[in-house]
Amino acid sequence: FDDAMAAFGKAAKLDTKKLLACMNGGEKKAVVEADTAEGNGLGITGTPAFLINGRLLSGAFPFESFKEVIDKELAGTGSDKATDYSQSLQDANKSGAFDPKPRDVAIGTGSMRGKADAQVKIIEYSDFQCPFCSRVHPTIKKVLSEYGDKVVLVYKHFPLVSIHPRAHISAEASECAKDQGKFWEFHDQLFEHQTDWASL
């Protein structure tokens, strides 16, 4: 596992000795636990979970679902009622995967892609070892590409340690990468090569 993290660190142009010392020293454990506690307080129960201007979309939804919620937010027509959204999101609401009632969440210490004052704030609670989180990764990249400065993505940790034993330590490693200014580079390595390390 350490070798895999070092390889991803090298690909992300990190000082790998510092990365591993930080990761194995437990320096970032409290950061990961604080994100998880915040997510629990917001009613997050699984990953990936996205709060789009506070409206919960929980799961690896297709681009079109994100687009619908984002477009309504940009147009100022977002609603607390599921009936004001498409049938697919109404169905997701019935299963608890979509909740249009906004929650108030601060960016806090989360890692950001985009500008803090963007019109649409997407806060992602995620787990680096979660296959669904990996699956939605290209979708989120597409969202960022399509919407540019209109959206900001904030990543927060929600490791499901009961089923993903490496989730917590990989989250800590990403925070160690953040100390070297390479959070997103390391984040992308972990998701894009998940099959190479998730079963170690």
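For segment 7-57, name all the residues that are of a type in the set (S, T, N, Q), in contact with a Lys or Arg (Cβ under 7 Å, 6 or more places away or on another chain) and within 30 Å of LYS81 (Cβ to Cβ).
At the first step, the residues of segment 7-57 found to be of a type in the set (S, T, N, Q) are 16, 24, 36, 40, 45, 47, 53.
With in contact with a Lys or Arg (Cβ under 7 Å, 6 or more places away or on another chain) added as a condition, the list becomes 16, 53.
Answer for segment 7-57, where residues must be of a type in the set (S, T, N, Q), in contact with a Lys or Arg (Cβ under 7 Å, 6 or more places away or on another chain) and within 30 Å of LYS81 (Cβ to Cβ): just ASN53.
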Take the conditions under 19 Å from the mean Cα position of the chain (by Cα) and either at pLDDT 95 or above or closer than 30 Å to GLU33 by Cβ (or both) and apply them to LYS101. Does it pass? no
Go through (1) part of a strand (DSSP E or B); (2) over 26 Å from ILE163 (Cβ atoms); (3) open to solvent by less than 40 Å² (accessible area, probe 1.4 Å) one by one and return the number of the condition LEU56 breaks. (2)
Result of the Cβ filter at 6 Å on segment 73-95, keeping first residues that are within 22 Å of VAL151 (Cα to Cα) and touching a residue at least 12 places away in the same chain (Cβ under 8 Å) and partners that are open to solvent by less than 60 Å² (accessible area, probe 1.4 Å) and of a type in the set (A, V, I, L, M), at least 6 apart or interchain, is GLU73/VAL120
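Looking only at segment 59-70, which residues are of a type outside the set (Phe, Trp, Tyr), open to solvent by 20 Å² or more (accessible area, probe 1.4 Å) and either farther than 30 Å from GLN90 by Cβ or not in a helix (DSSP H, G or I) (or both)? Lay out the reasoning, then the answer.
Pass one, segment 59-70, residues of a type outside the set (Phe, Trp, Tyr): 59-60, 62, 64-65, 67-70.
Pick out the ones that are also open to solvent by 20 Å² or more (accessible area, probe 1.4 Å) and you get 60, 62, 64, 67-68.
Passing the criteria: ALA60, PRO62.
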If you go through segment 44-55 one residue at a time, do you hit one that is more than 21 Å from GLY148 (Cα to Cα), in contact with a Cys (Cβ under 6 Å, 6 or more places away or on another chain) and β-branched (Val, Ile, Thr)? yes
Verdict on VAL143 being out of contact with any Phe, Trp or Tyr (no Cβ under 8 Å at 6 or more places or on another chain) and of a type outside the set (Lys, Arg): no
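Got at least one residue in segment 184-191 being part of a strand (DSSP E or B), within 12 Å of the chain's Cα centre (by Cα) and touching a residue at least 40 places away in the same chain (Cβ under 8 Å)?
No, every residue in segment 184-191 fails to be part of a strand (DSSP E or B), within 12 Å of the chain's Cα centre (by Cα) and touching a residue at least 40 places away in the same chain (Cβ under 8 Å).
The values are calculated or read from the model by the stated rules, or taken from the named source; none is laboratory data. Small disclaimer: the values here were computed from a predicted structure and weren't measured. Neighbour counts run over all protein chains shown; Cβ positions are idealised from the backbone, glycine included. The protein model used for the area step is the full one, side chains on, heavy atoms only, and it has no ligands, DNA or RNA in it. Shrake-Rupley method; radii C 1.70, N 1.55, O 1.52, S 1.80 Å.
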